[in-house]
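What follows is calculated from the coordinates using simple rules that are stated; it is not laboratory data. Just so you know, these numbers come straight off a predicted model, no measurement behind them. Virtual Cβ from ideal backbone geometry, glycine too; neighbours counted across all protein chains shown.
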Amino acid sequence: HSWREAIRRHPEAEVTEFTVAPLVSDDKAQPSRHEWLVEFAQPPRDAAAFAAVLDEALRQRNTYYDDLRQGNILTILQLTKLPPGAFRRYMKSVGKLGGQNKVPRLGNDRALAEGLLR
């Protein structure tokens, strides 16, 4: 997993929960990218370096992602740090807290991301 490489290189960071959503843009100044919404028990000391390691690990593991990055279709991922309890509150708000319910790791749209950012 790409995020495990970022953790290995930033051992002070402790990820509680995360999900990834697309950020699609028509603006050339702000190209499309993946947004990683992460809740940390302990955040990395350098969030930009953490995001860069995560992005590089994704490029190495996923040739399609690397092609999109090389072609400037996508820019480096955006790391959004969420406050403690954000995922729990969201899951509770949609009636999916507990049991066998799990947070989706990857979304095709912004619904989950927007719910977490409220």
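Sorted into 10 angstrom bins from 0, the C-alpha pair distances of segment 2-117 split as 13, 43, 34, 10, 0 percent. For a straight C-alpha distance cut-off of 16 angstrom, the lysines reachable from Lys102 (same-chain residues fewer than eight places away being disregarded) are Lys92.
What does the charge dipole of the chain about its Cα centre add up to, to the nearest 20 debye, if the Cβ of each Lys and Arg holds +1 and the Cβ of each Asp and Glu holds -1? Show your work: numbers first, answer last.
Values: 18 positive and 15 negative charges, 88 e Å.
In debye, rounded to 20, the chain gives about 420.
In deg cm²/dmol, rounded to 500, what helix-only [θ] at 222 nm does the chain give when every DSSP H run of at least 4 residues adds -39500 (n - 2.57) and the total is split over its residues?
Result for the chain, helices only: -11000 deg cm²/dmol.
Under the 0.36 nm per residue contour assumption, what length would be gained going from the current alpha-carbon distance of Arg4 and Arg45 to full extension?
Working: separation 41, 0.36 × 41 = 14.76 nm, distance 1.63 nm.
Roughly 13.1 nm would be gained on extension.
The mean sequence separation of alpha-carbon pairs under 8 Å and at least six residues apart, normalised by the residue count of the chain, gives a relative contact order of 32 percent. Here, P(r) means the percent of Cα pairs in each 10 Å bin from 0 to the largest distance; for segment 3-58 it is 23, 51, 21, 5. Remark on segment 25-85: Rg and Dmax equal 12.7, 37 Å (Cα only). From the alpha carbon centroid of segment 37-93 to that of segment 96-118 is 15 Å.
Can you list which of the DSSP-assigned H helices in the chain have a Cα extent of 15 Å or more along the long axis and an average Kyte-Doolittle score of at least 0.5? List each step's numbers first, then the result.
On the way: long enough: 47-61 (21 Å, 0.39).
Membrane-span-like by this criterion, though nothing is claimed about a membrane: none.
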